[in-house]
Each structure stands twice: as structure tokens, then as C-alpha cells.
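Note sheet for the following structure.
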Amino acid sequence: MKAIIKYISSIFKALKSLFRGMAVTGHYISHPKEIITQQYPENRETLKMFDMFRGEVVLTHNERNEHRCTGCSACEVACPNGSIEIISKRIEMPDGKKKKVIDKFVYHLSMCTFCNLCILSCPTDAIKMSQDFEHAVFDRSQLTKVLNKTGSKLMEGVR
Amino acid sequence: MYDFKSLTDSIHTSLSAGLSPIMVTIIEFVIIAFAFMILFTLLGLILVYAERKICAFFQLRLGPMRVGKWGMAQTAADAVKLIFKEPLVTKNADKFLFNLAPFIIILSTFLALGAMPFAKGLHALDFDIGVLYLTAVSSIGVIGILIAGWSSDNKYSLIGAMRSGAQVVSYELSVGLSLLTVVVLAGSLQFSEIIASQEAGWWIFRGHIPALIAFVIFMIAGTAETTRGPFDLPEAESELTAGFHTEYSGLKFAFFFLAEFVNMFIIAGIGATVFLGGWMPFHIGNWEGFNRVMDFIPPLFWFFGKVTFLIFLMMWFKWTFPRLRIDQLLRLEWKYLLPINLVNILVMAFIVLKGWQF
Amino acid sequence: MAETHINTISGKPLESQEYLINMGPQHPSTHGVLRLLLTLDGEIIHKVEPHLGYIHRSIEKMCEKDSYTQIVHLTDRMDYLSSHMNNEAVSLAVEQGLELEMPERVKVIRTIISELTRLSSHQLWWGVFGMDLGAITTFLYGFRDREMIIDIFEETCGARLTMNYNVPGGLMFDIHPNFQKRTKAFVAHFKQKLPEYDQLLTGNVIFELRTKGVGILSKEDAISYGVTGPSGRASGFSNDVRKHNPYSAYSQVEFKEALSEEGDSYARYKVRIQEMWESLSIIEQLIDNIPEGDYKAKTKAVIKLPKGEYYQKVETARGEFGVYIISEGGKSPYRLKFRSPGFSNLSALDHMAKGAKIGDLVVIMSTLDLVIPDIDR
Ligand code: SF4
Ligand code: SF4
């Protein structure tokens, strides 16, 4: 007799536990406000990454097309993956002195692990992380970028 | 209440006017076959869409949203994609059986669909042993599953097929017995008569607690027979990748996929017919006025409304519960459902003998 | 007599009725590229042989050429779900070599973020565990709550998963002004949602059937296999590094080490749920008391460790993670060895899964909470 009571009560307990579970999912289907899906890319306008977000390394230029990179290669050394290559050249200054400036700031986005070490190592705060996250391209070669804009110069007073 | 019999009769008489009886029969066959094919595709498309949307809403998602308004054309697009996909066959597969399996499954679904009473008079096959016929043909599908798993030359498929063999054969018993419980009440195996006997109220309300128990068992066993979650062991994707249809692609995969959904419709349809009165509107005893109002809603709506409700219930199960293990699955059937069912049928017989049903 | 079939990998003959099946490297429930070679008899498992090497990146070797600051970011890529704790282990080991004492602020922030990481890892595990059992809905619920933590990380350190927020000598940046507000909002939110987890799975009869008595690991076996973390604690093996060798601010907070005796999958599940509650309480104790001060101690630009050997262990979400550094005095280690919890935990899989069914194997693997890049570095 005890066995039968146990048998029947186990059935009811089981059914009750199942209903408890269904109550949770039932709650969510009847509360469409809880839906968490974001409609990307429709929400591109409103979708803002946090300021700290590490999207890719950029070399900041001001409106006169000047940057702050002195070509010291500290970032190149700090990078664990060799994602940065600084190619520098010597130019002649008006006063006749030779000066080292960057020719190309090559950045391999495909190798970057977004560790932020290059940014920390830069003595002149020339580079920073942008919040851009749409990096998909059709060809791998497009991921190798030259960060200094054509014709850009070193900013006055930065050394 | 509109009787579709007048429509079918008029088609029949107008055809008979100019043609020999054999031609008439053939033409009628073709018409019915076309109707069912269209119904099959439509059901598949709609159910797949509904499943994806409902699943998404359970899971705090939106589901398909891109193709068409609210993603309505998504399943059609998927169907087109599946049609154009290359049908791959594994190297050592038994080609004949491999190609045969999807058709057996589709065949069993069609046979079962044929006996579905959609509305008054809208009923292709009304055998006097309708209930037995349905339980018989709906289990032909398992042969297709076994063949698919056997011929794929893939161990995962084989395990899935063997699991489903054990599962479907066991749960067949419970489906049959729970239906018999109502057959005892209704006194007939013919679907049209079972429906007619629910004129005064659906059996689930009139049959006391035994009918309710039979309904719960039917829903559990029915879900298990369609191999849907939480009983989706034959295709348990976290264990067997995709179970018996792992090696199928393209249209042949689509057949398996559609058959699963149409089977769900069939189980819900049987449940609605036997327990919830089929196309019979909601009637309460002899409340004339109330019953008259209910009659204004067309029977097709009643049938599809009930089916939708049951399908929703099955989806709710699937998207809430974890999956059982194979031995637990069989234990549930042989140690719980079957004995309860047998006792239940006895109690029901006793009730009917005493004339205690409402 | 039928010809004997030989298991091509172990070289031993198969018994009659036995057959081999490859689970992975591409399989939905191996969560990555783990390959298990199963010897089965029908549904019953006779042997499980894990095969590694599909995601080997020779991280330890790479560390030998990197500076200590650079090493930290490689550890993100091992157990990516406890990246902060991995970072912390390397940082602490280096700080131990430099004999640096961290400012209180650094210790407290590190502890809070560790616990947040643990929570996010357990949330993901809960979701994935449900999914492995066939209840796919849990996956989305777990991810919903995890998203809030990930947002906190993103706002403070700029990355969502591979955070690299620790540097030897402190933290990379100070916390974001919103950090405390967001964390408190999360704690309040999650305290409401955690009971829902129980409602959905813990009491569920199918769930209990699937997990109770499945994959039992005794305390002795847990110790001899070196199964640490929640998986070991479920067998009664008290091994919480936070309790036994407190680091950072763990000595300042009150928390219970979640222990259980049964050692089955259900116990491992309960221990993790319990750990989530404990993590919440640790965060609550610390979040209002972040001391003012520097977020970084003074270090040289190029860190050179004095000649010697250093070992530091931390408690990650999966168990005891150790870093062993041998330094010759240079700016990169002579040899560096990681003791990853996943590797030892995986080694117990064969023992636990013997005699179980295929469905059980999925459960056992899931409750061991394996992260493959952690096993295979
Ligand atoms: S973020 Fe790291 S990996 Fe990327 S360029 Fe900077 S230092 Fe190199
Ligand atoms: S970006 Fe900064 S660190 Fe790199 S070369 Fe330019 S100035 Fe030096």
C-alpha cells in the first residue's frame, strides 16, 4: 500500500515540477517587453559602443592633417604580435638638419589582439583605440592599413 | 452549420454527368491528392514558421525577421534553398534504401493526414475503424526512420534509428490505449461518430477524471511518437549531432523535417478530434441559446483552433524541458504510462457500464 | 570465430559487441575541438579516450619570448571564460617576484572583477548545460544575464571577453565612474533571476533523473585525479584557493566554500549554483568599500624578474589555475608552465563515464565545465 501511495505521489510531484518550469517560459512568452534581441543593422544610428571599447588602433589627426607620432617605435616594441610596423625616413629640415619622421605607420588589423599595450606605451599619445567594430572586408589585404594620412605632418611642438 | 457534404456531392454529380464511373473516381482521386499535397506543404511551411517564432518568443528573441514582413517568407526561402541544395550521399551508403527512407516517412504522414476530419463532411477517409487505422499508419514512419539510420553508413544515425525504434514502438501502445479509453465512451471507432457523440459536450469534460488522465497520457505519448522534445532522442543534437538524418541533405532532409511537423499536426488533430470534439463547437448540455451562438463559428475554425492550441502546448513542452535518457524514456512508458492507462481503461469501462458519464 | 578488430589508437583488441565512435572534434556538445574516442557497447560506454591537439597554440613557448606585460594577454586565450583570473595569476606571480605590494584599491577591484567573471562563466555554463540536456531555452536566459556583466567589463576595460585588464603591478586603467552603479544594478537584477534558474531546471523531474547518480566521482578519486574547482568540491574535496591561500582581497570577505558530498552531476550543478550566490555576496560586501588610491603600483617600464622560481595559484571558475615561472633574470621567463584546471578535470572523464550511457557522457562533460583552449594550450 505504501508503495502505491509513493508511486502516485511521485507522479504528482513530477507533474508539479514540470508545471513550475512551464510557468517560467510561460511568463516570458506572455511578456514581450522582456525580449532582448537588438535589430542590427537597423539600429546602427543608436548603437554606440562604450568609450573604452577597443575596436582598432587609429592614429589621431587634427584638422590641419597633423599627427603626434614621432616615429619612436615604442609601440612596435610593445606589441606582442608584430601588428605594428613603423617605417621611418629622414627628411631635411629648413634649417638644414636631418630629422627622422614616419613614412608609413603600418597596422595589421588581422594580427591585432586588441590588448591595448601599444596605446599605453606611446609617449606622445599619438594613437588611440577607436570604437569602430565593423571590420569585415572581402580581402585579407584590406586589413593591412597605413594609419598616417597622405601628406600629414608631425604636430608642432611634439617631440 | 455548413456541411461540406453538399459541396463534395455537387462535384461528384457534375463529374458523373459526362464521365464513366471509373474516370470519375480517378479524377476525384487526383483532386484529393492535390488538395492534400497543397495542405501538406502549407502545413509544413506554416508550422515551421510558427515553431521558429514561438520558440524565439519563449527564448526572449524575435525569431526570423528579415525575409518578408516579420520574416513571413523565411520558411519559403528555406524551402527554395533546400530544393537547390546538392543531395549528398555517403560513400558506402545503401543507395536504394537511403533514397527510399524519406518517401516511407512522407507516405505514412499522408496516409494519416487522409483520415483527418477537418470539418463536417470534409473528410477524405471515414473508415469505421478510423482510430485503429490512424494508429496503424502513423507508425509506418518508424520503418522509414530505421531504414534511414541503417542505410546511412553512420554510427550516429544508427544509434538514432535504434533509439527511435524502441521509442516509437513503446509509445504506440499508450497512444492506442488512451484513444481506446474514449472509444469506450463514444462506442465507436469511426471518427465521424466519435465527433457526433460529442454534440452535447467534449469528452474531456464529460468523461470525468479518466478522460482527463487519458488526455494527459495521449499528449505525452503523442509527443513521444512524433519524436519531438523532450523525447527527441532519435535526433538528440547534443548527443548524436542530428541522429538518423545526419547524412541527409537538400530535399530529402526537407522531407524528414516536414514530416516531423506534419506528424505534430496529426497528433494534435487526433487529440482535438477524440478529446476536444474535433470540429464540434463548444456545447454545454442543453443550453440552447449558448449552443446556438457557438454554432455561428464555422467548424473549420473550431478544428484548427483546437489543433493550434495543442500544437502550442507541444511547443511549450519542447522549449521548456530537458531531454530524457533512453532507459528513462522506456521506463516512463512501461512503468508509468502503460499501467496507469490499463487501470484507467478499466475505470472508464466501469463508468460507462454504470452510465455515470455526463 | 570472427576476426578480432583492433582499436587502431590504443592497439588493444575490441571485445565482441564493442564498436568505436568519434565524438568530435566537430560535435555540438564537446564545445570546441575536443575529440573523444568512445568505445561503446550499444549505448553503454566502455571507454573514453580524449585526444588533444586540435587547438594547440604553444602558448607556453610563446611566453618565453614575450615580456611579462605581454604574457598576460596570452592567458586571455586559454580559459577565455575566466580571462580575468588567468591575467590575475600571471600578474600576481610577477608581483611576487618583484616583491611588490599592491594598493588596497587594486586588490579590491581585482576581487570584484574576478567574482563577476566567475558569475559570467557560471551563467554561461548553466545555459550551455541546459542546452546539452535538450532544454535550449536556458541558453538564452543565461546569456541575457551574462550580457549585463559583459557590459560592465566593456565599459571599464574596453573588451568583453579577452579583457587583459590586469597588468603586472596593478590594473590597466581605473574603473569607470559607472562601475559601481552598474554592478549594483546587476546584483539586484540577478538576485531575482537566480531563483528562476532553480525553477526551470533544479527541481525539474527530468533534470533530476538525468543528473542524480550520474558520473559519480568519489573524494579519493577527485584528489588523485586532481579535480579542482566546483567539480572537485562537489565530491567533498575542499580545495578553494580563495579560502586556503587567499590572494587579493579574499581574506577580507566572508564567504562559504560551496561543498557537497555526493560527487554526482547533480552535486556539481548545485555547487555551481551555490557559488553564484556566494559570488553575489562577495561582490555586495566589496562594491561599496572600494578604497581610494592608486590603481597601479610603480613599476619599471621594462620588468625584469630576479633569478628564481615563482608559483602563484588562483581559483578560476573551473578550478585551480597555477602559473610557474622560472626566471634567469631577464625580461622574459626562461620557462613558464601553466597548471590549467580543465586538463586535470578532463582526465577524470574516463573514470566517471565508464558504464554510463551516451546521454550521460554529455551530462558529465557539461558538469565538468570544460573549456577546450584551457586544456589544449
Ligand atoms: S592592441 Fe596590442 S596587438 Fe594590437 S597593435 Fe596594439 S599592441 Fe599590438
Ligand atoms: S605611435 Fe607613439 S609609440 Fe608609436 S611610434 Fe608613434 S610616437 Fe612612438
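Just a yes or no: is a residue in segment B:193-211 among the aromatic types (F, W, Y) and not in a helix (DSSP H, G or I)? Working first, answer last.
Taking segment B:193-211 as the starting set, the residues that turn out to be among the aromatic types (F, W, Y) are B:202-203, B:205.
Restricting the remaining residues to those that are not in a helix (DSSP H, G or I) gives B:202.
Yes, that holds for at least one residue.
Out of C:R272, C:R242, C:R268, C:R233, which single residue is buried (at least 19 other Cβ atoms within 10 Å of the Cβ) and touching a His at 6+ places or on another chain (Cβ under 6 Å)?
The match here is C:R272.
Limited to segment A:114-143, what total is found for residues that are in contact with a Ser or Thr (Cβ under 7 Å, 6 or more places away or on another chain) and more than 14 Å from ligand 2 (Cβ to nearest atom)?
2
Would segment B:34-52 turn up any residue that is within 14 Å of chain C (Cβ to nearest Cβ), more than 29 Å from B:A148 (Cβ to Cβ), surrounded by 18 or more Cβ atoms within 10 Å (Cβ to Cβ) and in contact (Cβ under 8 Å) with a residue 12 or more places away in the chain? So that I can check it myself, show each step before the final result.
Step one: filter segment B:34-52 for residues within 14 Å of chain C (Cβ to nearest Cβ), giving B:51-52.
Now narrow it down to the ones that are more than 29 Å from B:A148 (Cβ to Cβ): none.
Taking every residue of segment B:34-52 in turn, none turns out to be within 14 Å of chain C (Cβ to nearest Cβ), more than 29 Å from B:A148 (Cβ to Cβ), surrounded by 18 or more Cβ atoms within 10 Å (Cβ to Cβ) and in contact (Cβ under 8 Å) with a residue 12 or more places away in the chain.
Given the residues C:L133, C:L140, which is the only one that is among the aliphatic types (A, V, I, L, M), free of Cβ contacts under 8 Å to residues at least 40 places away in the same chain and within 14 Å of chain B (Cβ to nearest Cβ)?
Of C:L133, C:L140, the one residue that is among the aliphatic types (A, V, I, L, M), free of Cβ contacts under 8 Å to residues at least 40 places away in the same chain and within 14 Å of chain B (Cβ to nearest Cβ) is C:L140.
Among the numbered criteria (1) away from chain C (no Cβ under 14 Å); (2) more than 10 Å from ligand 2 (Cβ to nearest atom); (3) touching a residue at least 40 places away in the same chain (Cβ under 8 Å), which one does A:S110 miss?
(3)
Within 12 Å of ligand 1 (Cβ to nearest atom), within 14 Å of chain C (Cβ to nearest Cβ) and of a type in the set (V, I, T), is that true of A:I119?
So A:I119 fits the description; yes.
Restricting to segment B:200-237, name every residue that is touching a residue at least 60 places away in the same chain (Cβ under 8 Å) and either charged (D, E, K, R) or in contact with a Pro (Cβ under 6 Å, 6 or more places away or on another chain) (or both).
Hits for segment B:200-237 are B:R206, B:E225, B:T227, B:R228, B:D232, B:E235.
Condition first: on the phi < 0 side of the Ramachandran plot, of a type outside the set (D, E, K, R) and exposed (fewer than 12 other Cβ atoms within 10 Å of the Cβ). Can you find one or more residues in segment A:64-72 that meet it?
Within segment A:64-72 (the criterion being on the phi < 0 side of the Ramachandran plot, of a type outside the set (D, E, K, R) and exposed (fewer than 12 other Cβ atoms within 10 Å of the Cβ)), the answer is no, since none of the residues qualifies.
Is it the case that B:G271 is open to solvent by 10 Å² or more (accessible area, probe 1.4 Å) and part of a helix (DSSP H, G or I)?
no
Looking only at segment B:63-72, count how many residues are in a loop (DSSP other than H, G, I, E, B) and either open to solvent by 30 Å² or more (accessible area, probe 1.4 Å) or touching a residue at least 12 places away in the same chain (Cβ under 8 Å) (or both).
Number of matching residues: 6.
Keeping to segment A:77-92, report how many residues are free of Cβ contacts under 8 Å to residues at least 24 places away in the same chain, surrounded by fewer than 18 Cβ atoms within 10 Å (Cβ to Cβ) and touching a helix residue (DSSP H, G or I) at 6+ places or on another chain (Cβ under 8 Å).
So the first thing to find is which residues in segment A:77-92 are free of Cβ contacts under 8 Å to residues at least 24 places away in the same chain, and the list is A:85-92.
Imposing the further condition that a residue be surrounded by fewer than 18 Cβ atoms within 10 Å (Cβ to Cβ) reduces the set to A:85, A:87-92.
Cutting the leftovers down to touching a helix residue (DSSP H, G or I) at 6+ places or on another chain (Cβ under 8 Å) gives us A:85.
Count: 1.
Would you check which residues across segment C:222-239 are more than 19 Å from C:S366 (Cα to Cα) and either assigned to a helix (DSSP H, G or I) or among the acidic types (D, E) (or both) and list them?
Listed by number, the residues that qualify are C:I223, C:S224.
What residue, of B:A221, B:A166, B:A214, is modelled with pLDDT of 85 or more, more than 18 Å from B:T273 (Cα to Cα) and of a type outside the set (V, I, T)?
Just a single option satisfies the conditions, and that option is B:A166.
If you take just the strands (runs of 3 or more DSSP E) that sit entirely in segment A:93-159, which of them hold at least 3 residues that are open to solvent by 60 Å² or more (accessible area, probe 1.4 Å) and out of contact with any helix residue (DSSP H, G or I) (no Cβ under 7 Å at 6 or more places or on another chain)? Break it down stepwise before answering.
Details: elements: A:98-108, A:127-130, A:144-146.
Answer list for segment A:93-159: A:98-108.
Which numbered condition in (1) within 14 Å of chain C (Cβ to nearest Cβ); (2) surrounded by fewer than 22 Cβ atoms within 10 Å (Cβ to Cβ) is the only one that B:D295 fails?
(1)
Quick test for you: out of C:R105, C:R144, pick the one residue that is over 27 Å from C:S251 (Cα atoms), of a type in the set (K, R) and surrounded by fewer than 24 Cβ atoms within 10 Å (Cβ to Cβ).
Criteria check complete, one pass: C:R144.
Can you name every one of the helices (runs of 4 or more DSSP H) wholly within segment B:82-192 that holds 1 or more residues which are basic (K, R) and open to solvent by 60 Å² or more (accessible area, probe 1.4 Å)?
So the answer is B:95-114, B:155-186.
Just checking, how many residues over segment A:30-63 are more than 19 Å from C:M148 (Cβ to Cβ), more than 16 Å from ligand 1 (Cβ to nearest atom) and surrounded by 16 or more Cβ atoms within 10 Å (Cβ to Cβ)?
Residues flagged as more than 19 Å from C:M148 (Cβ to Cβ), more than 16 Å from ligand 1 (Cβ to nearest atom) and surrounded by 16 or more Cβ atoms within 10 Å (Cβ to Cβ) within segment A:30-63 amount to 1.
Which one is nearest to ligand 1 (Cβ to nearest atom), of the residues in segment A:64-74 that are closer than 21 Å to A:T150 by Cβ and not in a loop (DSSP other than H, G, I, E, B)? Give the derivation first.
Our first condition is that a residue be closer than 21 Å to A:T150 by Cβ; within segment A:64-74, this holds for A:64-71.
Subsequent filtering for residues that are not in a loop (DSSP other than H, G, I, E, B) retains A:66-67.
Values: A:E66: 22, A:H67: 16 Å.
Within segment A:64-74, the match that is nearest to ligand 1 (Cβ to nearest atom) is A:H67.
In segment C:178-217, what count of residues is obtained for those that are open to solvent by 40 Å² or more (accessible area, probe 1.4 Å), away from chain A (no Cβ under 11 Å) and part of a loop (DSSP other than H, G, I, E, B)?
Final tally of qualifying residues: 3.
Which numbered condition trips up A:F133, out of (1) more than 14 Å from chain C (Cβ to nearest Cβ); (2) under 16 Å from the mean Cα position of the chain (by Cα); (3) more than 13 Å from ligand 1 (Cβ to nearest atom)?
Every listed condition holds for A:F133 apart from (1).
For segment A:53-99, which residues satisfy the criterion of being within 16 Å of ligand 2 (Cβ to nearest atom), over 29 Å from C:K65 (Cβ atoms) and either under 18 Å from the mean Cα position of the chain (by Cα) or not assigned by TED's automatic domain parsing to the domain that holds A:C122 (or both)?
Of everything in segment A:53-99, just one residue is within 16 Å of ligand 2 (Cβ to nearest atom), over 29 Å from C:K65 (Cβ atoms) and either under 18 Å from the mean Cα position of the chain (by Cα) or not assigned by TED's automatic domain parsing to the domain that holds A:C122 (or both), namely A:T60.
Does segment B:280-287 include one or more residues that are open to solvent by 40 Å² or more (accessible area, probe 1.4 Å), without any contact (Cβ under 8 Å) to a residue 24 or more places away in the chain and out of contact with any helix residue (DSSP H, G or I) (no Cβ under 7 Å at 6 or more places or on another chain)?
Of the residues in segment B:280-287, the ones open to solvent by 40 Å² or more (accessible area, probe 1.4 Å) are B:282, B:284-287.
Filter again for without any contact (Cβ under 8 Å) to a residue 24 or more places away in the chain, leaving B:287.
Narrowing further to those that are out of contact with any helix residue (DSSP H, G or I) (no Cβ under 7 Å at 6 or more places or on another chain): B:287.
Checked against the condition, which is being open to solvent by 40 Å² or more (accessible area, probe 1.4 Å), without any contact (Cβ under 8 Å) to a residue 24 or more places away in the chain and out of contact with any helix residue (DSSP H, G or I) (no Cβ under 7 Å at 6 or more places or on another chain), segment B:280-287 yields at least one hit.
How many residues does segment B:270-325 hold that are over 17 Å from the mean Cα position of the chain (by Cα) and of a type in the set (S, T, Y)?
Total meeting the criteria: 1.
Picking from C:S344, C:S332, which residue would you name as being assigned to a loop (DSSP other than H, G, I, E, B) and more than 16 Å from C:M23 (Cα to Cα)?
Unique residue meeting the criteria: C:S332.
The values are calculated or read from the model by the stated rules, or taken from the named source; none is laboratory data. The structure presented is a predicted model; accordingly, all values stated were derived computationally and were not measured. Backbone-built Cβ (ideal geometry, glycine too); neighbour counts: all protein chains shown. SASA here: full protein model, heavy atoms, side chains in, ligands and nucleic acids out. Shrake-Rupley method; radii C 1.70, N 1.55, O 1.52, S 1.80 Å.
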